[in-house]
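The values are calculated or read from the model by the stated rules, or taken from the named source; none is laboratory data. Predicted model only: the values in this text are computed from it and were never measured. Here the Cβ positions follow ideal geometry from the backbone for every residue, glycine too, while neighbour counts run over all protein chains shown.
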Amino acid sequence: MAQTADQPVPSSFRCRTCDYTSAVAKAVCPRCGSGGGMSPEPAAGGHVVDFVPVLFPPENLKGLGRYVSVLVKLDTGCQAFGVFRGDPERLRVGTRMVVAHVDAEPDVPFFDVA
Ligand SMILES: [Zn+2]
C-alpha cells in the first residue's frame, strides 16, 4: 500500500542519534549532523473524539476478536482511527489515549487509556 497524505498513522520522524524530531524524514539530521537516518515515530497520544464497540471485526482485523474502534484527535492535530482492546466502559469522549503500539499488519494504531 502506498504511503499517502491520509495514511492512518500520522507520524513524525526522530533522529536515531539525538532526539531531534521532524514532520518529514531527513537523510541528515539538521541538529547533530548524523547521517544515521531518522526513524518514524507514531504520535504519542490524543483524546477520544468518538468510539464504537466492534462485535464483528472486518476481515483484516479478525484476529483481534471484539475490540473498540476509536477515533482519536492526536496531539499533532490529526485525527486517526485506531483500536482499543479494553472495556468500552472505560472510554468517554475526551478520554486521554496513548498509542500502545503500531502493527505493520494490520496497519492501525492500538490505543490504550492513558
Ligand atoms: Zn540528530
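Within the group D87, D50, D75, which residue is free of Cβ contacts under 8 Å to residues at least 12 places away in the same chain and closer than 18 Å to A114 by Cβ?
Working: D50 fails: free of Cβ contacts under 8 Å to residues at least 12 places away in the same chain; D75 fails: free of Cβ contacts under 8 Å to residues at least 12 places away in the same chain.
Every option except D87 fails the conditions.
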ask   = Can you name the residue in the stretch 51-71 that is assigned to a strand (DSSP E or B) and out of contact with any Ser or Thr (no Cβ under 6 Å at 6 or more places or on another chain) and, of all such residues, is farthest from P109 (Cα to Cα)?
value = P53
query = Within the stretch 99-108, can one find any residue that is surrounded by fewer than 17 Cβ atoms within 10 Å (Cβ to Cβ) and modelled with pLDDT of 85 or more?
reply = no
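Here is a yes/no grid of residues against (1) within 16 Å of the ligand (Cβ to nearest atom); (2) under 15 Å from the mean Cα position of the chain (by Cα); (3) closer than 15 Å to V108 by Cα; (4) assigned to a loop (DSSP other than H, G, I, E, B):
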| residue | (1), (2), (3), (4) |
| --- | --- |
| D19 | yes, no, no, yes |
| K26 | yes, no, no, yes |
| G33 | yes, no, no, yes |
| P40 | yes, yes, yes, no |
| V49 | no, yes, no, no |
| K73 | no, yes, yes, no |
| V83 | no, yes, yes, no |
